[in-house]
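Okay, structure first, notes after.
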Amino acid sequence: MSDPEPIQPSSPTQPMQRAAALAELKAVHKRFGATVALAGLSLQVRPGELLALLGPNGAGKSTAIALWLGLTQPDSGTVRLLGRSPLEVESRRGVGVMMQEAGLAAELRVRELLDLTASYYPAPLPLEEVLALTRTAALGARRYGKLSGGEKRQVQFALAVCGRPRLLFLDEPTVGLDVQAREAMWRTLRDLVASGCSIVLTTHYLEEAQTLADRVAVLAHGRLIACGTVDEIRSVVARKEIRCSSALDAAEICRWPSVLHAARNGNRLQITATDAEEIARRLLAADLQLRDLEIRHAGLSEAFTELTKEAA
Amino acid sequence: MNASRLLRAYLIEAKYEFVQKLRMPMFVIPFLLLPGGLYLLIRLLVLHGNAAPSAARLLLAGFCVFAAAGPALFGVGCPLAQERDSGLLTLKRALPAPQGAYLVAKTLAAVAFSALAMGIVLAVARLAGGFPLDAAQTLAFLAVAVGGAVPLCALGLWIGVHSSGAAAPGVTQIVYLPMLYLSGLFFPLPKPLQAWAVVWPAFHIEQLALSAANLATGFIDPRRSITILVAITLAFGGLAMRRLARAG
């Protein structure tokens, strides 16, 4: 079976497309024993964009990031980071990293950890600026081992940004954060992107990708199955959602052609259908009292589910 | 990155490695405080402060090597194994840390701890009275024993790269405890074991340190001890780094 053609970004992202990629995987294959982690993956990170890397567990997201960071080598294909091999320290000097699991030195204070990490970079941000940017000033004097899980993630984020990176890799950055801390991190990410930093974000929170990402790349079985803006990804899914206030019977609507699902919530009907326009016409014809009709594309979540199901 | 920033990065890495160890009671108590405390106990309770000068010197030499060996053997490989398990080693590899800074820092901090632990033993010996070394002998002894910690760091590193974080301290103990006894650091070995003392680095460190302080026992040519310690450093250090480069 041939690979599905990834969705190509449309005009709004084309200026970015012309700019040189900050990180690139070109036709990369990678196996771990009998397991195929990446099967000819090609993907670019462009200047000033937030790229969300989505995919079910084992899709190849972590392998892609490990390749970009020089933590593993491809079996074939090309990996570039800031125009160089990721194995060169010089290329990693422009990069910040927040990993999913990183047990930092429990005995060191947050300021000390920042001082240590900042020492690896040629022109790091001043320590106070990092603490303010990442809203971790209150944690500065505390030992890392005494912090809560969410506070540790905030500190790991501070370490990732302290080197003034051009490209930031964030692996599930908001896991364990409360709502306020998550929204604060989102604001910081937006500020960073606005200041020209590119970000590669992996997340299982699709709402996060939908809120933050300029571009979404969906991986499954080591292949890129879709890549584009959030709207472009959502639009691949043929199904749409129809909502209206109507007295029509939901069970009856379920039997209409192209209707996948229909349910009633009070006087509101919620219908999922592949030919939404036809269903809307039929609804209007069947109920002259029908009001508040809305048709919307599937959310990123539905699109993701659909895409990864197709790729399975 | 310019040279001064690069040097700063190495120094900061070593500084925080040292600070980190200093804040770990599980490291400070057995490796920094215990040798001095045990020396005092044996000096006062077993020898009642009346040992012959030669016996006092050998006892002090043995405890100094004991003090140097613990931090060196446990201070590099065990934390490396634990940090590899926790993901920190992977993060360090992803960060633009200068080449080798991680291992250099661990080794420097371990050697500094060895020197500190030995300094405590020497200070305790001086306070206990009847100190058997003059200033030049003390410095020569200290310098050699601190240098001798490096091969033990290499051996500990080799254990660390081959063990999980949970297993590394146990495996290191399997080398450490027999080494302390079979090197003859604290009392003369039974005849059948004497010939085998040469296989233990601690034996060579002690002999070299005594020799540097003009207190040679004549058991072994110091040049041979130097050769063996350098070979241990290169062999175990080299194998460990090869494994680290291949398997992480």
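A few remarks follow.
- Calculated mean residue ellipticity at 222 nm for chain A: -9500 deg cm²/dmol, from DSSP H runs with n ≥ 4 weighted as -39500 (n - 2.57), summed, divided by the residue count and rounded to 500.
- Here the protein assembly as shown is treated with +1 on each Lys and Arg Cβ and -1 on each Asp and Glu Cβ, and its dipole about the Cα centre works out to around 1400 debye.
- Rounded Å value of the spacing that divides the Cα centres of region B:146-169 and region A:20-89: 34
- Report summary: the helix-based calculation at 222 nm, which adds -39500 (n - 2.57) for every DSSP H run with n ≥ 4 and divides by the residues of chain B, gives -24500 deg cm²/dmol.
- Most mobile listed residue (A:VAL216, A:VAL259, A:VAL79) in chain A, GNM with C-alpha springs under 10 Å: A:VAL259
- Across chain B, Cα pairs under 8 Å and at least six residues apart give a relative contact order of 26 percent.
- If the chain linking A:ASP191 and A:GLN270 were pulled fully straight, counting 0.36 nm for each residue of separation and taking away their Cα-Cα distance, it would gain 24.7 nm.
- Legend: mean number of C-beta atoms from other chains within 10 angstrom of residue C-beta atoms, peptide B:98-108, equals 1.
- Label-point gap, in nm, between A:ALA39 and A:GLN73 - each point 7 angstrom along Cα→Cβ: 2.5
- Selection from B:TYR176, B:TRP200, B:GLY237 lying farthest towards where the dipole of region B:166-248 points positive, charges on Cβ: B:GLY237
- FRET efficiency, 1/(1 + (r/R0)^6) with R0 56 Å, evaluated for B:LEU239 and A:ASP231 via beta carbons: 0.50
- Highest-MSF residue in chain A out of A:ALA137, A:ALA106, A:ALA285 [GNM, Cα springs under 10 Å]: A:ALA285
- The residue list B:LEU210, B:TYR10, B:GLN20 was ranked by how far each Cα lies along the charge dipole of chain B toward its positive end, using unit charges on Cβ atoms, and B:TYR10 comes out on top.
- Dipole magnitude (debye, nearest 20) for region A:237-311, charges at Cβ of Lys, Arg, Asp, Glu: 140
- Degrees, to the nearest 10: B:201-212 long Cα axis against longest axis of chain B: 60
- Student exercise, region A:11-235 dipole from Lys, Arg, Asp, Glu Cβ charges, in Debye to nearest 20: 300
- Residue pairs, from the table A:LYS152/B:LYS106; A:LYS61/A:LYS240; B:LYS21/B:LYS191; A:LYS61/B:LYS15, whose Cα atoms sit over 31 Å apart: B:LYS21/B:LYS191; A:LYS61/B:LYS15
Only the coordinates and a few stated rules stand behind these numbers; no lab work does. Computed from a predicted model, the values in this text were never measured in an experiment. So basically every Cβ, Gly included, is an ideal-geometry build from the backbone, and we count neighbours across all protein chains shown.
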